[in-house]
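Here the structure is laid out as C-alpha cells; the discussion comes afterwards.
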Amino acid sequence: RIQRVFEDYFARHEFPYQLTDMRGGSDFLPLIENGVPAGGVLAGASEIKSIDERRKHGGMAHTPLDPCYHRECDTLLNINLEALQRLSRAAMYAVSTLATTPDLRGYLAGNA
C-alpha cells in the first residue's frame, strides 16, 4: 500500500520510476521481517544499470547506478540534486498522504 502512494506521486508528475523488491539488507528489513509496513524510494547503489534502465533514466548502461556508493568519492559533492529533490518531495507526499488517511491501519492492512 505504501508503494502505491509513491507510484501515484511519480505518475502524477510523469517521473520515470521502476519497482524493486525490498529484500536487501537495508534499514527497512527488520521492519518488514516483523510485519511493520514499510516503503520508500531509492536512487540506486552498486547495482549495474541495464540498457533498458539507461533508456528510461539516462546515464550509462553496464555501469554501477552510483559508482561512488560507499566509496571515497561518496561525498556531498556527488549528490544529484535533481534526484534528491524528486525523492524528497515523493517522501513528503507519502508522509502527508498517509498522515491524513482516516483509517491508516485499515488502509495499510488492505481493508480500507
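Peptides 79-90, 26-37, ordered by how many other C-beta atoms sit within 10 Å of their residues on average, highest first, read 79-90, 26-37.
Rolling a 1.4 angstrom probe over the protein heavy atoms with all chains in place gives the chain an accessible area of 76 Å² per residue.
Once the Cα atoms are used to define both axes, helix 2-12 deviates from the longest principal axis of the chain by about 60 degrees.
Contact order normalised by length for the stretch 21-112, with contacts defined as Cα pairs under 8 Å and 6 or more residues apart; what percent is it? Numbers along the way, then the final one.
Numbers: 55 pairs, mean separation 17.6, N = 92.
That works out to 19 percent.
For the set Tyr93, Tyr9, Tyr69, solvent exposure ranked by accessible area (probe 1.4 Å, protein chains only) runs largest to smallest as Tyr69, Tyr93, Tyr9. Counting only alpha carbon atoms, the long axis of helix 81-99 and the longest principal axis of the chain meet at about 10°. Rounded to a whole number of µm²/s, how large is the Stokes-Einstein D of the stretch 66-112 at 25 °C and 0.890 mPa s, given Rh as the Kirkwood radius over C-alpha pairs? Approximately 185 µm²/s, per Stokes-Einstein.
Taking every C-alpha pair closer than 8 Å and separated by at least 6 residues, the mean separation divided by the residue count of the stretch 1-70 gives a relative contact order of 26 percent.
The values are calculated or read from the model by the stated rules, or taken from the named source; none is laboratory data. Predicted model, so just to flag it, every value in this text is computed and none were measured. When we count neighbours, we look across all protein chains shown, and the Cβ atoms used for this are built from the backbone with ideal geometry, even at glycine. Just so you know, the surface numbers come from the protein's heavy atoms only, side chains and all, with ligands and any DNA or RNA stripped out. Shrake-Rupley method; radii C 1.70, N 1.55, O 1.52, S 1.80 Å.
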